[in-house]
Amino acid sequence: MTSASAGGSVLERAWATRWAQLAPPDAPVYCAEYRFHPTRKWRFDCAFPDRKVAVELEGGTYTGGRHTRGKGYEQDIEKYNAAVVLGWRLLRFTAGQLERDPLGCVALVVTVLAQSPAVAILTIT
């Protein structure tokens, strides 16, 4: 159900495990570390390119990680806004959310996927 490898962060591996355990059997396959932007090297932690739905996993929420400090936070906002301009629907989850309510996180992604018709995609190499 995923193209995710055994690599990635602890949080990305936790997402891959929860998706494999809890997503419906007919759920689409996602791409890990998907490069979505035509000129920037930005990647989504998890993407369903044919639906233009992405998941970002936000680590370090309570430890002052990169995603919560000034410059890192602003860079994330720039990335997320660019994704919206390109037509992406983006869901964000913290490690705490995934730990407390994994079924709720997976169900939200499944709901958005059901609302998102498949689109033609261009592969960025």
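Which ³J(HN,Hα) values, rounded to whole Hz and listed in residue order, are derived for segment 108-113 from phi using the Karplus coefficients 6.51, -1.76 and 1.60 in 6.51 cos²θ - 1.76 cosθ + 1.60 with θ = phi - 60°, glycine and proline given as x?
3J(HN,Hα) across segment 108-113, in whole Hz: 5, 5, 4, 4, 5, 4.
Relative contact order of segment 10-115: what whole-number percent is it, with Cα pairs under 8 angstrom and at least 6 residues apart?
On the way: 120 pairs, mean separation 27.9, N = 106.
Reported as a whole number, the value is 26 percent.
Taking the Cβ of ALA107 as the centre, find all other residues whose Cβ is under 15 Å away and add up their charges (Lys, Arg: +1; Asp, Glu: -1).
Residues near ALA107 contribute 0 overall.
Using 1/(1 + (r/R0)^6) with R0 = 35 angstrom and r between the beta carbons of ALA14 and THR39, what's the FRET efficiency to the nearest 0.05?
0.65
Would you work out the Kirkwood radius for segment 5-47? I mean one over the mean of 1/r across all pairs of different Cα atoms, in Å. Write down the numbers at each step before the final one.
Values: mean 1/r = 0.0877 Å⁻¹.
Value: 11.4 Å, from the Cα pair sum.
Within segment 13-47, what residues put their amide N at less than 17 Å from the label point 7 Å along the Cα-to-Cβ vector of GLU78?
36-44
How would TYR30, TYR80, TYR73 line up from fewest to most surrounding beta-carbon atoms within 10 angstrom?
Ranking TYR30, TYR80, TYR73 by Cβ neighbours within 10 Å, fewest first, gives TYR73, TYR80, TYR30.
Whose amide H sits under 5 Å from the amide H of ARG89, counting only residues 5 or more places off or on another chain, with H placed in the peptide plane?
VAL53, ALA54
Where the Cα atoms of segment 10-115 are projected onto their three principal axes, how long is each span, largest first, in whole Å?
Result, largest extent first: 39, 32, 19 Å.
Could you list THR94, THR111, THR17 in order of exposure, starting from the residue whose Cβ has the fewest other Cβ atoms within 10 Å? It would help to have the intermediate numbers written out before the result.
Working: THR94 18, THR111 11, THR17 14.
By the 10 Å Cβ count, ascending, the order reads THR111, THR17, THR94.
We did not get these values from a lab; they are worked out from the coordinates using the rules stated. Owing to the predicted nature of the structure, the values given are computational and were not obtained by experimental measurement. For neighbour counting, all protein chains shown are included, and Cβ atoms are generated from backbone atoms with ideal geometry for every residue, glycine included.
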